[in-house]
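Heads up, the thing below is written out as structure tokens.
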Amino acid sequence: MRLRVEAKGGLQGRIKVPGDKSISHRSVMLGSLAEGKTEIEGFLTGEDCLSTVKAFQDMGVKIEGVGTDQMVVHGVGLRGLKEPKDLLDFGNSGTTTRLMLGILAGQKFYSVATGDDSLKSRPMARVTKPLSTMGGEFYGRDNANLLPITVVGKGELNSISYDSPVASAQVKSAVLLAGLYGEGVTEVREPAKSRDHTERMLEYFGANIEVDGLAVKVEGNPKLTGKKVVVPGDISSAAFLMVAAMITEGSEIIIENVGLNPTRDGVIEALRKMKGNFELLNQRDVNGEPIADIKVKSSQLKGTVIDGDLIPLLIDEIPILAVAASQAEGKTIIKDAEELRVKETDRIDAMVKELTRLGVEVKEREDGMEIVGKQQITGGVTCQSYHDHRIAMSMAVAGLIAEGAVEVEGAECINISFPNFKELLDSLSK
Ligand SMILES: O=C(O)C1=C[C@@H](OP(=O)(O)O)[C@@H](O)[C@H](O)C1
Ligand SMILES: C=C(OP(=O)(O)O)C(=O)O
């Protein structure tokens, strides 16, 4: 599918973005492993989260309301999953794969995980390695680094203490979830803080969790109990609309109900450093997660440096921040972000190529990019999505200020995380 975007002037209106992808995945995972019913409100019906839902259905979990944002998961308990009769297809979702490998390692059955071409090229050794030291058994290409990966579960794992070389919530979560099947306490330490939804939700469902700075401990064999989970709006989706409003003239929008977990709000800090014109309204707590409404206006953005410990807190927002940087006065440097090279596509390479196609001068770095603004975006071209939702949406937002229309080829991938992106954008630019 091709998406066509052209400059229409300022954005106006009040909207809600769909539910948080990370929290949605975890609500189905823990809901399935808990005893009793888990009611989920505000579930993201994007393709990635539906891959998680399908996996648990394939392992015998009854889930009502699939395809809507209100679901009920009938938990089967930590040891109640059934052996899947076919391959578990995780589609395009890295989060599903890495977290599920942790869960599957602890089962008493055989399973084979696979996914689409992008997922089959993403590194899985970052989880199969630590999980193997816990006693997990994995087989796959490149020493169990590449999908398809076979998991020979034995039903029990050893508890470990693991120093993760990378600040990745997927790695941390895979080890913690496998730790549920360990006989003692499993500990993970990371080099910088990554999103903490797994540890928050495990605690909420009844696990014994201890967090001490960059270290998290979980006790094995907890009794998890079904809960009500209210999923806040996804800040990673809201970021596209925040930048859209900031770079278009005469804009004023309110995005309601956005999750502002401190391990996810790096984009707020970055846009603040860039002198973005926005306010957090009605700040409150739901289910132990801070949320707010965000009022955003057209902004005179300034260049900044985005690096270090801030990177894991805004990792998925870097493509759209690069678009913002092209409209900021002065130099923006994005560095320490080499993780972008192993996402759905190499996001550094993709953003450099596509911004260049739009007439923006960008300097590529091994670990990021440098952009000196403000630059005119020339439209009249077709951008590639690389089947990566965040690249597709970044290009669409750039189209809002281009001199000619911007088309995005392969825009159906937007359904992975933000199914009503186009409708919301249209509703704001009437
Ligand atoms: O745990 C999660 O829900 C996620 C963690 C991040 O990946 P890494 O753990 O690879 O950094 C992020 O990019 C992804 O979109 C979601
Ligand atoms: C990197 C992402 O997701 P995942 O790793 O789950 O595929 C993303 O949503 O930007």
Exercise for review: Test I333 against the stated conditions and say whether it is touching a helix residue (DSSP H, G or I) at 6+ places or on another chain (Cβ under 8 Å) and either surrounded by 17 or more Cβ atoms within 10 Å (Cβ to Cβ) or more than 18 Å from S237 (Cα to Cα) (or both).
Suggested key: no
Check your understanding: Do we have Q12 as more than 15 Å from ligand 2 (Cβ to nearest atom) and either surrounded by 24 or more Cβ atoms within 10 Å (Cβ to Cβ) or in the same structural domain as Y181 (by TED's automatic domain parsing) (or both) here?
Key -> no
Check your understanding: If you go through the range 326-343 one residue at a time, do you hit one that is in the same structural domain as G379 (by TED's automatic domain parsing), part of a helix (DSSP H, G or I) and within 30 Å of G9 (Cβ to Cβ)?
Key -> yes
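One line per residue, one yes/no per condition, for (1) buried (at least 18 other Cβ atoms within 10 Å of the Cβ); (2) more than 16 Å from ligand 1 (Cβ to nearest atom); (3) in contact (Cβ under 8 Å) with a residue 60 or more places away in the chain; (4) at negative phi:
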site	(1), (2), (3), (4)
V323	yes, yes, yes, yes
A328	yes, yes, no, yes
T356	no, yes, no, yes
G373	yes, yes, yes, yes
T378	no, yes, no, yes
V381	no, yes, no, yes
**Study point:** the range 90-119, subset within 14 Å of ligand 2 (Cβ to nearest atom) and in contact with a strand residue (DSSP E or B) (Cβ under 8 Å, 6 or more places away or on another chain), residue farthest from K21 (Cα to Cα)
**Key:** A113
Review point. Which condition does G31 not pass, out of (1) buried (at least 24 other Cβ atoms within 10 Å of the Cβ); (2) assigned to a helix (DSSP H, G or I); (3) under 15 Å from the mean Cα position of the chain (by Cα), if it passes all the others?
Key: (3)
Practice item. Taking only the range 293-321 into account, find how many residues are over 10 Å from G368 (Cβ atoms), more than 13 Å from ligand 1 (Cβ to nearest atom) and buried (at least 22 other Cβ atoms within 10 Å of the Cβ). Key: 7
Review point. Just for the range 34-53: of the residues that are of a type in the set (G, A, S) and more than 15 Å from the chain's Cα centre (by Cα), which one is nearest to ligand 2 (Cβ to nearest atom)?
Key: G42
Exercise for review: Pick out, from the range 189-284, the strands (runs of 3 or more DSSP E) lying fully within it that include 2 or more residues that are within 20 Å of C49 (Cα to Cα).
Suggested key: 228-230, 252-259
Check your understanding: Consider A392 against the criteria (1) touching a residue at least 40 places away in the same chain (Cβ under 8 Å); (2) surrounded by fewer than 18 Cβ atoms within 10 Å (Cβ to Cβ): it satisfies all of them except one. Which criterion is unmet?
Key -> (2)
Practice item. Could you check, for the range 151-159, whether at least one of its residues is within 16 Å of ligand 2 (Cβ to nearest atom), crowded, with 21+ Cβ neighbours inside 10 Å and assigned by TED's automatic domain parsing to the domain that holds G60? Key: no
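The values are calculated or read from the model by the stated rules, or taken from the named source; none is laboratory data. Remember, predicted model here, so these are calculated numbers, not experimental data. Because the Cβ atoms are built from the backbone with ideal geometry, glycine has one as well, and the counts that use them run over all protein chains shown.
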